[in-house]
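Each remark here refers to the structure printed beneath this line.
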Amino acid sequence: MIKFFYNIGIYLVMPLVGVASLFSRKTKLFYKGRVGLVRKIEEAFKGETSDVIWFHCSSVGEFEQSRPLIEWFKGNSPESKILLTFFSPSGYELRKNYPLADWVFYLPIDTPTNARRVVSAVKPKKLIFTKYDLWKNYINKSSKRGCELYLISAIFRPYQSFFKWWGGFFRSMLRKFNFIFVQDEESKRMLETIGIKENVVVSGDTRFDRVEKIASESKEFPAIAEFSKENFTIVAGSSWLPDDELIAEVMKNFSKVKLIVAPHEIHKERIDKVVEVYSSYGVVKYSDIKDDAERESISENPHPLFEGKRVLVIDCIGILSSLYRYADFAYIGGGFGVGIHNTLEAAVYGVPLAFGPNYKKFKEAIDLIDCNGATCVTTPSELYQVVDNCVKDKELRDFRASNCRKYVEKNLGATEKIVSRITNKNE
């Protein structure tokens, strides 16, 4: 019965999205990206004879979890080709030109017909889902063709459909996988309660390996180093308006603290609003100093645009992960909205963190709080107290920073554990 309603619901998705696309840019991208998509995939794979390793990600975060494995396959299995699919426009639009993938597409809606045609065209040797974005018809059709199925960096909790009395339809998907790689022991125990045991491996989260590599290859920005030098510097990553308003209120209490803020969205209206929120502290935009920011060495003389400025607004994408190296303290945005963004990109540098209250879906955020590396804040006074403690007490700041770094180091190695299983290296 659930299967019947699932397929009916799936067939209704595109007409409903088509209507909604008239009112939402993101929904319009979702809809337009799937018009004629199955035919495009069939054309792209016509005559293809290589082994295809298919990675499916919901969005950007899941892509970052898949990325270490994609890089491994490209470096160690050059005869294979990589198909990368996304459910969300956020992921596809950002990574549609990802150079290590041979093909990048949206995932066509999971109707039985679409799944049959796509799987028949692609003929994947391995299909790797990331974390949670599972689709019944694609899983069934791939399994019937003898494709190896893997789920990586998965995390399971009691409230999920798999563990409900009516969740047999969803449990049947999990039983199709050759291996399920979970982030923690709790997830393994949850799967054991529904009879899934032999093919479950506690491997951890591949994002730790990813952020470690990013940090090791991070770019230096001498002008930004100049902006922050000899000043306690906060880096606010992926901020939204509520985050900016909170930080701006706290900045009133510190005359020498500097702020580097990288908004989650960088369209003109958003950047203009960020500049407005912080205007009383003196603002300079990265685009105004970009040529100098990317020079090879730091200038002996202060940049003229830095005079009297305490806030640097990053109005471009792609450099945030390198900017945490200049932080004495980091604030991660999103906690007053749908959820916080990437905490590990900052933690890998050994930086104490704070973020808003919507963090409980993120294991790493909970762990960072538990190890005294991060703090949840809900009001300006709470954020002020955390920042003030770090400004005044270097020993405390170093203690929290060290805890963040140790946490990342302790969780490295997931990629190797996964590769050893899915390539049979352990046999």
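The values are calculated or read from the model by the stated rules, or taken from the named source; none is laboratory data. Everything numeric in this text was worked out from a predicted model, so none of it was measured. Note: ideal-geometry Cβ built from the backbone for every residue, glycine included; neighbour counts use all protein chains shown.
The single condition among (1) part of a loop (DSSP other than H, G, I, E, B); (2) in contact (Cβ under 8 Å) with a residue 40 or more places away in the chain; (3) of a type in the set (Gly, Ala, Ser) that Ser90 does not meet is (1).
Within the stretch 40-54, residues that are in the same structural domain as Phe105 (by TED's automatic domain parsing) have Cβ atoms under 9 Å from residues that are in a loop (DSSP other than H, G, I, E, B) and polar (S, T, N, Q) in these pairs: Ser50/Ser80; Asp51/Ser77; Asp51/Ser80; Val52/Ser80; Ile53/Ser77; Ile53/Ser80, counting only partners at least 6 apart in sequence or on another chain.
If we scan the stretch 116-131, do we find a residue that is crowded, with 16+ Cβ neighbours inside 10 Å, of a type in the set (Lys, Arg) and at pLDDT below 95? Checked against the condition, which is being crowded, with 16+ Cβ neighbours inside 10 Å, of a type in the set (Lys, Arg) and at pLDDT below 95, the stretch 116-131 yields at least one hit.
Just a yes or no: is a residue in the stretch 201-211 among the aromatic types (Phe, Trp, Tyr) and modelled with pLDDT of 95 or more? Walk me through it before giving the result.
Our first condition is that a residue be among the aromatic types (Phe, Trp, Tyr); within the stretch 201-211, this holds for 208.
Okay, now just the ones that are also modelled with pLDDT of 95 or more, so 208.
So far as the stretch 201-211 goes, yes, one or more of its residues are among the aromatic types (Phe, Trp, Tyr) and modelled with pLDDT of 95 or more.
The residues listed here are Leu29, Leu84; of these, the one that is under 23 Å from the mean Cα position of the chain (by Cα) and modelled with pLDDT of 95 or more is Leu84.
Name the single residue, out of those in the stretch 298-326 being closer than 14 Å to Lys229 by Cα, part of a loop (DSSP other than H, G, I, E, B) and not aliphatic (A, V, I, L, M), that is modelled with the lowest pLDDT. If we take residues in the stretch 298-326 being closer than 14 Å to Lys229 by Cα, part of a loop (DSSP other than H, G, I, E, B) and not aliphatic (A, V, I, L, M), then Ser299 is modelled with the lowest pLDDT. Quick check: anything in the stretch 242-262 of a type in the set (D, E, K, R), modelled with pLDDT under 95, more than 30 Å from Lys406 (Cβ to Cβ) and assigned to a helix (DSSP H, G or I)? Within the stretch 242-262, not a single residue is of a type in the set (D, E, K, R), modelled with pLDDT under 95, more than 30 Å from Lys406 (Cβ to Cβ) and assigned to a helix (DSSP H, G or I). Are any of the residues in the stretch 52-60 within 12 Å of Lys123 (Cβ to Cβ) and part of a loop (DSSP other than H, G, I, E, B)? No, that holds for no residue. For the stretch 51-92, the set of residues classified as in contact with a Cys (Cβ under 9 Å, 6 or more places away or on another chain), closer than 22 Å to Ile266 by Cα and small (Gly, Ala, Ser) consists of Ser88, Gly91, listed by residue number.
Evaluated against (1) polar (S, T, N, Q); (2) touching a strand residue (DSSP E or B) at 6+ places or on another chain (Cβ under 6 Å); (3) free of Cβ contacts under 8 Å to residues at least 12 places away in the same chain, Asn199 falls short on exactly one condition, (3).
Is the stretch 21-37 home to any residue that is among the aliphatic types (A, V, I, L, M), more than 21 Å from Leu151 (Cβ to Cβ) and crowded, with 17+ Cβ neighbours inside 10 Å?
Yes: the stretch 21-37 contains one or more residues that are among the aliphatic types (A, V, I, L, M), more than 21 Å from Leu151 (Cβ to Cβ) and crowded, with 17+ Cβ neighbours inside 10 Å.
The set of residues from the stretch 347-371 being in a helix (DSSP H, G or I), in contact with a Ser or Thr (Cβ under 9 Å, 6 or more places away or on another chain), more than 14 Å from Ile155 (Cβ to Cβ) and in contact (Cβ under 8 Å) with a residue 24 or more places away in the chain comprises just one member, Leu368.
May I ask you to say which residue of Phe177, Phe181 is assigned to a strand (DSSP E or B) and either farther than 30 Å from Val313 by Cβ or at pLDDT 95 or above (or both)? Spell out how you get there, then give the answer.
Working: Phe177 fails: assigned to a strand (DSSP E or B).
The unique qualifying residue is Phe181.
When Phe73, Phe30, Phe63 are checked against the criterion of being in a helix (DSSP H, G or I) and either more than 26 Å from Asn411 (Cα to Cα) or not assigned by TED's automatic domain parsing to the domain that holds Phe129 (or both), a single residue qualifies: Phe30. Filtering the stretch 327-346 to residues that are aliphatic (A, V, I, L, M), surrounded by 21 or more Cβ atoms within 10 Å (Cβ to Cβ) and assigned to a loop (DSSP other than H, G, I, E, B) leaves Ala327, Ile340.
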